[in-house]
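The values are calculated or read from the model by the stated rules, or taken from the named source; none is laboratory data. Just so it is clear, the model here is predicted, and its values are computed rather than measured. Every residue, glycine among them, receives a Cβ derived from its backbone with ideal geometry; neighbour counts consider all protein chains shown.
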Amino acid sequence: MRRSLRFRLAVSVVAVVAAALVALSLVLHAVFARALVRQFDARLLGDAVAIAGMAEEDMHAPEFEAESLPEFERPVRPAYFEAWLDDGRVLARSPSLNAADLRRTAPGAGVDVILPDGRAGRAIHVRQPLRVEDEPGPPRVSKQFVTVAVARGTEEVAGTLASVRLWMLALALLTLFGASAAALVAVSLGLRSTRALAVEIADLDAARLDRALVAHGLPDEIGPVVAKINELLARVRESLAREKRFTADVSHELRTPLAALRTTLDVTASRERSPAEYRAAIDQVNVVTQQMQALCENLLSLARLDAGPVAVRPTDVALRALVQSCWHLFEGGARARGLRFENDVDADARVATDPDQLRVIVSNLLSNATAYTASGGTIRARGNGDRLEVHDSGPPIPPEVLPHIFERFFRGDAMRSDGVHCGIGLALVRGVADALGLRVAAENTADGGVAFTVSLR
Amino acid sequence: MRVLVVEDYEPLARSLAQGLREAAYAVDVTGDGAAALELARTNAYDALVLDLMVPKLDGLSVLRRLRADGSRAGVLIITARDQVPDRVGALDLGADDYLVKPFAFEELLARLRAVIRRRYGAAENLVRVGDLELDGAARTVKRGGRAIALSAREFALLEYLALRRGQVVTRTEIWEHVYDFAAEPSSNVVDVYVGYLRRKLGDGEGGAARLIQTHRGLGYALEAPEPT
């Protein structure tokens, strides 16, 4: 679940939306609070100016014409004011003030204070000249100043702000929930088509790999995945087809010599024969059996190569003797086709390598030469401690075939059915050479022949 | 009966040829499809034993082109491919029968006999002409109930005449269907063998009817004489 797309999307949506909402709420709250406080201060100022207007200079003596100010008189959550002259003489004070004194609050346009009854509030100071009441003569400005301090509880502001916060929280939660739900639904809808894809994939088996997946109705994001799966399917198909062809080839390569064995034995046993005829039959069975054995060994070596790293046990190998012992396998077949063999490997040539693996390489090169060299030709092995060359008198390998000659299951001709040439031998040569860290190459030589070279260092 | 063996695996081709010759067939062998097509076009083979996977031209192509040429030679496919589509494909292209390698040689002989028999419109291996009885499967010949030992070539000659009984068969036809490339051509080899055969059958001797008729200037015919 943790790895699910929906979970991850929900988490990121919640995180991002929450961060945005918190920032927005902070800003909004600050703006609101500021506006409310300004409004509150404006009201305080209005009160203060109105109260200051009650103080007047009558015959040069200040006096306060108190009017009924119910807000300042009520016993519960009252407002407070105090008016005083510059000399500190208190001109008037609200009944709610009792013994408290507002003169000590900080003067200013609006400051937070603790009210005498312990509530939180704001206070404001206003200082202005006393009003001059109904005097004859030109109007004059009083030289005496009255200062009025007004303080009120800010419960209303706090209450408004609290309800704003509550609404914001509710809206934020609603938004968060809505956004995540919308994201989840969108993803679920988008992913629903992947379930169809999963069914399609589950439907695939080895027998039905020829179908490609259809990306019908899938979100664009899944398209590349489907394309890649289809590419993978194509590769698997190709490899399966190759395996199938290989199995068919192997079956052919084993059935054909088996048919020869059976026919030879059937025909030979069908009547009494001379010792020479029996001898010929036995020789033929021998040749076929050896070819089948070589094929089986090649198949096994190939399977081992495919199974994993080949165990290489290097020893000091006498090259000439190894070539000679490999040739024994093909001597009979070569003689039957009138092929000559010359072992011109240096007598003192020695190589530090795995003799069994090198034997696979040399045997298959000699087998290949025996099979493909035109009748009456010559096969020559040359070599020293650095390289080994198996040269035959041709015909040359067609140029279009040459680059592919070491590829597995590649056949130069439509089919060779001599039991060992179904595109395994030379592929095996290259595989084993790779395992030993050697290089093999094939080229047509100037004299019309073919040279297979193994670099031994 | 003359057969072309198309098989590129030498040991198998060699044994097939030996076995078929010993079964009184005239046998030619080739290892590649192109040569097979050429040989089949220029010689009157009664049947081809055709491997599908041969170099140069694969067996199915050989078969297709032969049938396109109108050849009616019997074709027995021998192949390592054992899948049903392979068999169906080959039979649909005009092959007469299909054998999967490896096979018992006896079975190949039996199927080959059937293929050739069908070609000559015969339903069974036993041919009777007058008091002569020829069993193609057992390769035995009886006249008046008495078994007669024949050489492979003599048997082949008699079998060919028997399959075409009642018809005049030319010397050229006999040469084409009873002799392979290994035979030395000579002007009267057919006449000589007909002579051997007549002697062994006691044809027209000691009161026996003459079954192998000579049609001067034309050839020979195997038929029971009209009752007189």
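Residue-level analysis places B:Arg87 outside the set of residues that are touching a Leu at 6+ places or on another chain (Cβ under 8 Å), among the basic types (Lys, Arg) and over 13 Å from B:Val3 (Cα atoms).
A:Pro107 meets each of the listed conditions (1) modelled with pLDDT of 90 or more; (2) part of a loop (DSSP other than H, G, I, E, B) apart from (1). Listed by first and then second residue, the pairs with beta-carbon distance under 7 Å, at least 6 apart or on different chains, first residue in the range B:171-194 and farther than 13 Å from B:Glu154 by Cα, second assigned to a loop (DSSP other than H, G, I, E, B), are B:Glu176/B:Asn43; B:Glu176/B:Ala44. The number of residues in the range A:378-399 being within 22 Å of A:Arg320 (Cα to Cα) and part of a loop (DSSP other than H, G, I, E, B) comes to 4. Within the range B:15-26, the residues that satisfy the criterion of being in contact with an Asp or Glu (Cβ under 9 Å, 6 or more places away or on another chain) and crowded, with 23+ Cβ neighbours inside 10 Å are B:Ser15, B:Leu16, B:Tyr25, B:Ala26. Please pick out the residue among B:Ala95, B:Ala162, B:Ala147 that is of a type in the set (Gly, Ala, Ser) and in a loop (DSSP other than H, G, I, E, B). Checking each option against the conditions leaves just B:Ala95. Listed by first and then second residue, the pairs with beta-carbon distance under 6 Å, at least 6 apart or on different chains, first residue in the range A:95-115 and assigned by TED's automatic domain parsing to the domain that holds A:Arg127, second acidic (Asp, Glu), are A:Pro95/A:Glu73; A:Leu102/A:Glu82; A:Gly110/A:Asp41.
For the range B:1-11, the set of residues classified as within 13 Å of another protein chain (Cβ to nearest Cβ) and over 19 Å from A:Ser375 (Cβ atoms) consists of B:Val5, B:Val6, listed by residue number. Take the conditions of a type in the set (Gly, Ala, Ser) and touching a helix residue (DSSP H, G or I) at 6+ places or on another chain (Cβ under 7 Å) and apply them to B:Gly145. Does it pass? Taking the combined requirement at face value, the residue does not satisfy it. When each of B:Asp69, B:Asp58 is tested for being within 14 Å of chain A (Cβ to nearest Cβ), out of contact with any strand residue (DSSP E or B) (no Cβ under 6 Å at 6 or more places or on another chain) and over 30 Å from B:Ala138 (Cα atoms), the lone residue that passes is B:Asp58.
Just one of (1) farther than 24 Å from A:Leu428 by Cβ; (2) within 10 Å of chain B (Cβ to nearest Cβ) fails for A:Glu272. It is (2).
You will find that of A:Leu161, A:Leu173, the residue that is closer than 23 Å to A:Thr105 by Cβ and assigned to a helix (DSSP H, G or I) is A:Leu161 and no other.
The residue that is surrounded by the fewest Cβ atoms within 10 Å (Cβ to Cβ), counting only those in the range B:98-134 that are within 14 Å of chain A (Cβ to nearest Cβ) and part of a loop (DSSP other than H, G, I, E, B), is B:Ala104. Scanning the range A:329-346 for residues that are in contact (Cβ under 8 Å) with a residue 12 or more places away in the chain, touching a strand residue (DSSP E or B) at 6+ places or on another chain (Cβ under 9 Å) and either assigned to a helix (DSSP H, G or I) or of a type in the set (Asp, Glu) (or both) turns up A:Phe330, A:Ala334, A:Glu342, A:Asp344, A:Asp346.
For the range A:272-292, the tally of residues that are of a type in the set (Ser, Thr, Tyr) and in a helix (DSSP H, G or I) stands at 2.
Condition check ((1) of a type in the set (Asp, Glu); (2) touching a Pro at 6+ places or on another chain (Cβ under 7 Å); (3) assigned to a helix (DSSP H, G or I)) across all residues:
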residue: A:Arg313; (1), (2), (3): no, no, no
residue: A:Trp327; (1), (2), (3): no, no, yes
residue: A:Asp348; (1), (2), (3): yes, no, no
residue: A:Val351; (1), (2), (3): no, no, no
residue: A:Gly376; (1), (2), (3): no, no, no
residue: A:Phe406; (1), (2), (3): no, no, no
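Checking every residue in the range A:93-109 against the condition of being closer than 28 Å to A:Ala23 by Cβ, of a type in the set (Ser, Thr, Tyr) and crowded, with 17+ Cβ neighbours inside 10 Å gives zero matches. Evaluation of A:Gly118 against the conditions (1) part of a loop (DSSP other than H, G, I, E, B); (2) at pLDDT 80 or above; (3) on the phi < 0 side of the Ramachandran plot; (4) of a type outside the set (Val, Ile, Thr) shows that the sole unmet condition is (3). Scanning the range A:44-85 for residues that are exposed (fewer than 14 other Cβ atoms within 10 Å of the Cβ) and not in a loop (DSSP other than H, G, I, E, B) yields a total of 4. Per the listing A:Ala19, A:Ala23, A:Ala10, the residue uniquely assigned to a helix (DSSP H, G or I) and either hydroxyl-bearing (Ser, Thr, Tyr) or in contact (Cβ under 8 Å) with a residue 60 or more places away in the chain (or both) is A:Ala10. Among the residues of the range B:42-55, those that are within 12 Å of another protein chain (Cβ to nearest Cβ) and either modelled with pLDDT under 90 or on the phi > 0 side of the Ramachandran plot (or both) comprise B:Leu52, B:Met53, B:Val54, B:Pro55.
The set of residues from the range B:59-86 being crowded, with 18+ Cβ neighbours inside 10 Å and of a type in the set (Asp, Glu) comprises just one member, B:Asp86. Report whether or not B:Glu154 is surrounded by 14 or more Cβ atoms within 10 Å (Cβ to Cβ) and either in a loop (DSSP other than H, G, I, E, B) or of a type outside the set (Lys, Arg) (or both). It is true that B:Glu154 is surrounded by 14 or more Cβ atoms within 10 Å (Cβ to Cβ) and either in a loop (DSSP other than H, G, I, E, B) or of a type outside the set (Lys, Arg) (or both). From the list B:Gly89, B:Gly19, the lone residue that is assigned to a helix (DSSP H, G or I) and more than 11 Å from chain A (Cβ to nearest Cβ) is B:Gly89.
The set of residues in the range B:173-201 that are surrounded by 19 or more Cβ atoms within 10 Å (Cβ to Cβ), modelled with pLDDT of 85 or more and under 16 Å from B:Ala40 (Cα atoms) comprises B:His177, B:Val178.
Of all the listed residues (A:Leu265, A:Leu295, A:Leu233, A:Leu240), the sole one being part of a helix (DSSP H, G or I), buried (at least 19 other Cβ atoms within 10 Å of the Cβ) and more than 8 Å from chain B (Cβ to nearest Cβ) is A:Leu295.
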